[in-house]
Amino acid sequence: MLRKEGNTYFIQNQPVSALVEQFGSPLYVYDGQKIESQINSMKEAFSAVDVKLKFACKALTNMSIVKLMLKNGVDIDAVSIEEIKLALRVGYKPSQIQYTPSGVAFSEIEEAVSLGIRLNIDSLQLLEKVGETYGNSLPVAIRLNPSIMAGGNLKISTGHADSKFGIPIEYIDQVLALVNQYDLRIVGLHQHNGSDFKDGSVIVKAMKKSIELAEKHFPNLEFIDMGSGFKVAYHEDDHITEIHELAKEVVAEFAYFQERYGKKVQLWFEPGKYLVSESGTFLMTCNVVKHNPGRNFVHVDSGLNHLIRPMMYDAFQEIVNCTPDTEETEKYDVVGYICETDTLGKDRELPKVKPGDIIAMKNAGAYCFSMSSNYNSRVRPAEVLVYNGRAHLIRERESIEDIYRHQIEVSF
Ligand code: LLP
C-alpha cells in the first residue's frame, strides 16, 4: 500500500520514484503483504465455520497474483475458460476451481467439465442441457437470483430482479422438476448479489434464502457459496464492510443451520476487491499542467485505457501527488492523454503539480489492470509485485509489436 514517511512515498520499503525509475511509467504496483493480510483477516473472521475463500480472479488475473493466492490457500472463482486455464497453469488442481459462467456457449461448458472443473449453473436452459448431457454423473451448484438490490451501484448489482444473473428463486419449482427429471446432483447453492455492498448485512439476509431452500429441497449440499460484495474503503472516510462484525452474524446463522441440517456444509466466499483492491497503486507521471479560465488540469501519461473505473462507474479513487515541491495546494481535474474525456479524478485538491511529478492512484488492485485496453493504440503498463521488500516485475510493459500482433495487413 502507498504510505508516506517524511516527504517520501513508499510501497513497502520501495520509494515510488525508485520504482518508476526502474520499471518506467505508468506502472501498476501491488503489495503482496497487504493481499496476505486481507486473506488472513477473512480467514480469521470466519474461522468458526468451515470457510473456503475463492478468489474472484477477474479482479486481478496476473499469474503471479493468482499464484500468491494458491500459496495462501485461497481457491479460484473463474468466469471464463481462459481464467480456468490460467489457474490450472499456475498449479491449481481442478477441484480448487469453481466455474461460474454467465450465458456462455455449451462447448465452453463441455471443455471446462472435461478439465474436471465444477460448474455453477445460472440458467434453467443450462440446467436442462447439463441434465441431458451428464445426468447425475456431475456434481453441480446452482446460482440463485434472490431478487435483492444489494450493490452500491446499479452497474455492479447482480442479485436484483432485473439482473441477467442466476436463476430467479421464484422458479424453484422448475429447478426441482429438472433436478428430479435428470436425477441431478446438486452439491452447492450459490449467490453473488453485487460488488461494494452499502450494508454488508445483506449477505445474512441473502444467506437465509439459500438456507431455507437447502432445508426444504436440497439434502445433499456440500457448500453454500455467498459470492462477494465486501466493501473496502475507496475514500478516506468511506464506510467499509467490518468483516469481523459481519462474520459474527453470518457464523451464528450458519452454525445454527448446520445443526438443523445434520451435516457439515462448507461456507464459501468469492472475494475480489476485498483481497486485492487496496494492495494496488497505479503510478503515473504528469505530462502537462493546464490552466483554463475555470479549471486546472493535470494530464497524466495514462487514461481510461489503463484505468476505466472512474469513467465506467463514476468510481472515486484517491489520487496523490507523490513528489510535490510545496505544501501549497490547488484544485485539479486529473485527466488522461486519451482523445476523449477520460477524467480520472475531478476537483482534487493536490499539492501543486508540475510536469514530471509522480501521480498515484490508490485502490488500483481490483478491476484496474484487468479492465485495461489498447484504446488509442496505446500499450498497456507493466505490473510489479512488491513481496517481502523485493520488487518483482510480473508483467512487462507492452511494446508497439504487441499492438501489431494479430493484425493482418491486406496486400492491396
Ligand atoms: N463472484 C462473482 C460471481 C462475481 O461476478 C464477482 C464480481 C465476484 C465474486 C467478486 O466481487 P468483488 O469481491 O470484487 O466485489 N468491475 C466492477 C466490479 C464488477 C464485479 C463483477 N463480479 C468494479 O470495478 O467495481
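The values are calculated or read from the model by the stated rules, or taken from the named source; none is laboratory data. The model shown is predicted, which means the values in this text are computed figures rather than measured ones. Please note: Cβ atoms are built from the backbone with ideal geometry, for glycine as well, and neighbour counts cover all protein chains shown. Note: areas computed on protein heavy atoms with side chains; ligands, DNA, RNA excluded. Shrake-Rupley method; radii C 1.70, N 1.55, O 1.52, S 1.80 Å.
Put simply, of 104, 90 the only residue that is touching a Lys or Arg at 6+ places or on another chain (Cβ under 9 Å), farther than 25 Å from residue 230 by Cα and open to solvent by 10 Å² or more (accessible area, probe 1.4 Å) is 90.
For segment 83-98, check the following and say yes or no: at least one residue is within 14 Å of the ligand (Cβ to nearest atom) and either in contact with a Cys (Cβ under 8 Å, 6 or more places away or on another chain) or over 19 Å from residue 141 (Cα atoms) (or both). The answer is yes; a qualifying residue exists. In segment 369-396, the residues that are open to solvent by less than 40 Å² (accessible area, probe 1.4 Å) form Cβ pairs under 8 Å with partners that are in a helix (DSSP H, G or I) and within 16 Å of the ligand (Cβ to nearest atom), at six or more places apart or across chains, as follows: 381/369; 383/369; 385/65; 394/65. Scanning segment 28-56 for residues that are part of a strand (DSSP E or B) and within 17 Å of residue 68 (Cα to Cα) yields 28, 29, 30, 31, 52, 53, 54, 55, 56.
Limited to segment 57-80, what total is found for residues that are within 14 Å of the ligand (Cβ to nearest atom) and either more than 18 Å from residue 190 (Cβ to Cβ) or within 13 Å of the chain's Cα centre (by Cα) (or both)?
To start, the set of residues in segment 57-80 that are within 14 Å of the ligand (Cβ to nearest atom) comprises 57-61, 65, 69, 74-80.
Cutting the leftovers down to either more than 18 Å from residue 190 (Cβ to Cβ) or within 13 Å of the chain's Cα centre (by Cα) (or both) gives us 57-61, 65, 69, 76-79.
Final tally of qualifying residues: 11.
Note on segment 168-202: among residues that are over 19 Å from the mean Cα position of the chain (by Cα) and among the charged types (D, E, K, R), the one that is modelled with the lowest pLDDT is 170.
I'd like to know if segment 130-142 contains one or more residues that are in a loop (DSSP other than H, G, I, E, B), surrounded by fewer than 20 Cβ atoms within 10 Å (Cβ to Cβ) and within 16 Å of the ligand (Cβ to nearest atom). Please lay out each step first, then the result.
Taking segment 130-142 as the starting set, the residues that turn out to be in a loop (DSSP other than H, G, I, E, B) are 138.
Those still in the list that are surrounded by fewer than 20 Cβ atoms within 10 Å (Cβ to Cβ) too: 138.
Among the residues that remain, those that are also within 16 Å of the ligand (Cβ to nearest atom) are: none.
No.
Which count do you get for residues in segment 261-274 that are more than 30 Å from residue 66 (Cα to Cα) and at pLDDT 95 or above?
The qualifying residues number 1.
Can you pull out every residue in segment 57-80 that is buried (at least 20 other Cβ atoms within 10 Å of the Cβ) and part of a helix (DSSP H, G or I)? Selection gives 57, 59, 65, 66, 68, 69.
Taking the condition of being part of a helix (DSSP H, G or I) and within 16 Å of the ligand (Cβ to nearest atom), how many residues in segment 153-196 meet it?
Taking segment 153-196 first, the residues part of a helix (DSSP H, G or I) are 154-156, 169-182.
Narrowing further to those that are within 16 Å of the ligand (Cβ to nearest atom): 154-156.
Qualifying residue count for the region: 3.
Annotation: of all residues in segment 143-152 being part of a loop (DSSP other than H, G, I, E, B) and within 16 Å of the ligand (Cβ to nearest atom), the one that is surrounded by the fewest Cβ atoms within 10 Å (Cβ to Cβ) is 149. If you go through segment 258-272 and keep only what is open to solvent by 10 Å² or more (accessible area, probe 1.4 Å), in contact with a strand residue (DSSP E or B) (Cβ under 8 Å, 6 or more places away or on another chain) and of a type in the set (Gly, Ala, Ser), you end up with nothing. Residues that are within 16 Å of the ligand (Cβ to nearest atom), among the acidic types (Asp, Glu), in the same structural domain as residue 371 (by TED's automatic domain parsing) and open to solvent by 20 Å² or more (accessible area, probe 1.4 Å) occur in segment 304-327; there is at least one.
Can we say residue 244 is away from the ligand (no atom under 16 Å from the Cβ), more than 20 Å from the chain's Cα centre (by Cα), at pLDDT 95 or above and open to solvent by 10 Å² or more (accessible area, probe 1.4 Å)? Working first, answer last.
Numbers: away from the ligand (no atom under 16 Å from the Cβ): yes; more than 20 Å from the chain's Cα centre (by Cα): yes; at pLDDT 95 or above: no; open to solvent by 10 Å² or more (accessible area, probe 1.4 Å): yes.
Against the criterion (away from the ligand (no atom under 16 Å from the Cβ), more than 20 Å from the chain's Cα centre (by Cα), at pLDDT 95 or above and open to solvent by 10 Å² or more (accessible area, probe 1.4 Å)), residue 244 does not qualify.
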